[in-house]
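Participant: The following block contains the structure, expressed as structure tokens.
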Amino acid sequence: MTTLTPLYHLAAEQKSAEVTDWAARIAWVVGLLVFIALVYWLMRQGWKWRASLQSGLPELPAAPEGFADDEPLLTLQGRYHASTTAGQWLDRIVAHGLGTRSRTELTLTSRGLYVERPGAADFFVPAEALREARLDKALAGKVLPEGGLLIITWAHGETLIDSGFRSDRAAEHQAWVDAVTHLTSTTTEGTAR
């Protein structure tokens, strides 16, 4: 029994030392919090840097006078995910609030597409600026099952932009592709005459 007593005391001392070493634990926690704050700050600086690189992008157009009285062709409620440079699904555009994810309500009329975003900047895409609509699965880091995103391509100044939306009812996506395709074909025929 005399040999067990020193081992018992040694184990108790080690256990006591592990529990009471608060200085090391606090230092690790503070170090981790500082690291997280640094990563967050670097991400924010990158976002600001990207916005300054895209500062040449014109202001987003507002809906024209009397747009609210137009007969809607389609409406959609869902989420706005992001806008990217057309054809480059990871090149997010953050200027003028286009990088902000939000709820959205889309309204398509013969004059164009109105994107209403609570908590973010609303914008209007004139019918002559619309280029195409398609179904896709990825945009700016958001990856969904095939056809899960409605991508609308539009011209803004000299830049072609892909904007990604997801309806609360994904079955609506194909109707939007058809309607935008029809609208763009009638708009290009009208301008060609």
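One line per residue, one yes/no per condition, for (1) assigned to a loop (DSSP other than H, G, I, E, B); (2) in contact with a strand residue (DSSP E or B) (Cβ under 6 Å, 6 or more places away or on another chain); (3) at pLDDT 95 or above:
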| position | (1), (2), (3) |
| --- | --- |
| HIS81 | no, yes, no |
| HIS96 | no, no, no |
| GLU128 | no, no, no |
| GLY147 | yes, yes, no |
| THR186 | no, no, no |
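Participant: VAL125: in the same structural domain as ASP91 (by TED's automatic domain parsing), hydrophobic (A, V, I, L, M, F, W, C) and loosely packed, with under 14 Cβ neighbours inside 10 Å, yes or no?
Facilitator: no
Participant: Would you call ASP162 outside the structural domain of ARG44 (by TED's automatic domain parsing), buried (at least 20 other Cβ atoms within 10 Å of the Cβ) and charged (D, E, K, R)?
Facilitator: Working: outside the structural domain of ARG44 (by TED's automatic domain parsing): yes; buried (at least 20 other Cβ atoms within 10 Å of the Cβ): yes; charged (D, E, K, R): yes.
It is true that ASP162 is outside the structural domain of ARG44 (by TED's automatic domain parsing), buried (at least 20 other Cβ atoms within 10 Å of the Cβ) and charged (D, E, K, R).
Participant: In this structure, is ALA68 assigned to a helix (DSSP H, G or I) and surrounded by fewer than 16 Cβ atoms within 10 Å (Cβ to Cβ)?
Facilitator: Details: assigned to a helix (DSSP H, G or I): yes; surrounded by fewer than 16 Cβ atoms within 10 Å (Cβ to Cβ): yes.
Spelling it out, ALA68 is indeed assigned to a helix (DSSP H, G or I) and surrounded by fewer than 16 Cβ atoms within 10 Å (Cβ to Cβ).
Participant: Okay, moving on. So which residues in the range 98-110 are modelled with pLDDT under 90 and either of a type in the set (Val, Ile, Thr) or part of a strand (DSSP E or B) (or both), if there are any at all?
Facilitator: THR100
The values are calculated or read from the model by the stated rules, or taken from the named source; none is laboratory data. Just so we're clear, the structure is a prediction, and the values are computed from it rather than from any experiment. We place every Cβ from the backbone using ideal geometry, glycine too, and count neighbours over all the protein chains shown.
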